[in-house]
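The values are calculated or read from the model by the stated rules, or taken from the named source; none is laboratory data. As the structure is a computational prediction, the values presented were derived from the model and not from experiment. With ideal geometry, Cβ positions are generated from the backbone for all residues, glycine too; neighbour counts draw on all protein chains shown. SASA here: full protein model, heavy atoms, side chains in, ligands and nucleic acids out. Shrake-Rupley method; radii C 1.70, N 1.55, O 1.52, S 1.80 Å.
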Amino acid sequence: MTDTTEASDASAETKSGQQDLGLIGKFLKGTEIDTRLLGMFGALALIWFGFHIYGAVFNGFGAMLTPRNLWNLSVQTSSIGIMATGMVLVIVTRHIDLSVGALLGVTGMTMGIVQVEILPQYLGLGHPLIWIVTATIGILMGMTIGAFHGWLIAYRGIPAFIVTLGGLLVWRGAAFLANNGKTISPVDSTFQLLGGGPYGTIGATGSWVVGIIVCIAIVWMMVSSRRSRQRHGFAQRPIWGELTVGGTSCALVIGSVLLVNSYPWPRGIVNQYAAANNITVPPEGLFISHGFAIPVLILVVVGVLMTILVKRTRFGRNVFAIGGNPEAAELAGINVKWMTMRIFMLMGSLAGLAAVVASARLNSATNALGLLDELYVIAAAVIGGTSLAGGIGTIYGAILGALVMQSLQSGMVLIGFDTSVQQIVVGSVLVLAVYLDNLYRKNVK
């Protein structure tokens, strides 16, 4: 009788514990939202509002949450975010790449030399193929260097830390020697559009088209996922959970469109544009929206393609299998060495693409291009939930991590923090992120 009573009490306590989860627990279960994702959004909101309020109180004006700053922030995040998506795969497989910043610098310098000093001699100044040839050379160069690093790591057994640390020094020095440390500027006018700026955008109409397409894609993916679950007999997410996730995602997209469209071109550029196109400027001025910048669209496309690669292909499954247990993965028939080399090739290609964006945004190629970017890329991946122990990481998390890191840096610049203070804060945040990652994995276990 006593045992029955104790069992009943235990059952009642279990039900009570489930009820104690309350609305938050039911919400997380029904929407299947990753708690880390919520944490990153919370940290981002804290950073944005914190710096904005600080500026308003102590400087008389809060500049953090203005359309201008948020638009610039999205452009500044692009190159780091592009490389962070590749760093996820590197860290997931228990490696590290310290050379991405130097790789960006040497490919950026090479592209500068190619498009300013070489191609105009053969194609003519301003030829429409210059930017295509230049970008292709930069990406292929990054891929080649990444393949070399991967070969040393996979087939010669040299630790990734040593190979990429050596690469950091070698390629940074090569970037300096390529043009004796001189700055190459300006770059090709069409190439420059890849870095953003008033002309490197798609305007208000184009932004609405992109926003609508993205919302349609979100709805299609949710319907497709629901049908797939039903077909394979998996548990369905409740309708209210689907509507909450889909509605919130579309609201964020539409909000982003409204934000970028509310940031107008500077008056001087508007007047130049009007004069060049025989447009009469009214007395109150002409409002022309920036819309989404081309670097941001490049980042979005890279994020989508990398997510598909990771979640929908054998390559992605093999990456996480290697990260979970390299020995078991090799016994299961995965060519770990070839996979490692391919991962570093991909990382090098993304560094080359990031160099396209970074050099185009600066309208020049300098020896300082990409300096310390490797730290921000690694920090973005780790803050985004990629575990240094391997086997865990997401592409969207890395992009959000890049946005968090860039927001921190931008906010500190806006309120006048010294460069040394910025470095202290960034280093502290990185250490804190790793500590929180360790706590999270212990709780999961």
Tally up the residues in the stretch 38-58 that are closer than 30 Å to residue 200 by Cβ and not aromatic (Phe, Trp, Tyr), please.
7
Can residue 218 be described as part of a helix (DSSP H, G or I) and open to solvent by less than 70 Å² (accessible area, probe 1.4 Å)?
yes
Name the residues in the stretch 358-384 that are under 13 Å from the mean Cα position of the chain (by Cα) and open to solvent by less than 10 Å² (accessible area, probe 1.4 Å), would you?
377, 379, 380, 381, 382, 384
Quick check on my filter: what residues within the stretch 108-146 are closer than 20 Å to residue 357 by Cβ and either among the aromatic types (Phe, Trp, Tyr) or not in a helix (DSSP H, G or I) (or both)?
128, 129, 131
Within the stretch 91-101, the residues that are out of contact with any Ser or Thr (no Cβ under 9 Å at 6 or more places or on another chain) and open to solvent by less than 10 Å² (accessible area, probe 1.4 Å) are 101
Within the stretch 135-155, residues being open to solvent by 30 Å² or more (accessible area, probe 1.4 Å) and closer than 18 Å to residue 99 by Cα number 8
Among the residues of the stretch 399-425, count how many are within 21 Å of residue 386 (Cα to Cα) and over 17 Å from the mean Cα position of the chain (by Cα).
1
Take the residues in the stretch 173-209 that are β-branched (Val, Ile, Thr) and part of a loop (DSSP other than H, G, I, E, B), then tell me which one is most open to solvent (accessible area, probe 1.4 Å).
183
Is it true that some residue in the stretch 253-274 is open to solvent by 30 Å² or more (accessible area, probe 1.4 Å), assigned to a strand (DSSP E or B) and farther than 22 Å from residue 400 by Cβ?
yes
Restricted to the stretch 23-49 and to residues being surrounded by 14 or more Cβ atoms within 10 Å (Cβ to Cβ) and at pLDDT 85 or above, the residue farthest from residue 383 (Cα to Cα) is 48
So, in the stretch 221-239, of the ones that are of a type in the set (A, V, I, L, M), open to solvent by 60 Å² or more (accessible area, probe 1.4 Å) and assigned to a helix (DSSP H, G or I), which residue ends up nearest to residue 257 (Cα to Cα)?
221
Taking the stretch 47-66 on its own, how many of its residues are more than 15 Å from residue 407 (Cβ to Cβ) and either outside the structural domain of residue 405 (by TED's automatic domain parsing) or in contact with a helix residue (DSSP H, G or I) (Cβ under 9 Å, 6 or more places away or on another chain) (or both)?
2
Looking at 158, 132, 118, which one is aliphatic (A, V, I, L, M), within 27 Å of residue 302 (Cα to Cα), over 21 Å from the mean Cα position of the chain (by Cα) and open to solvent by 30 Å² or more (accessible area, probe 1.4 Å)?
132
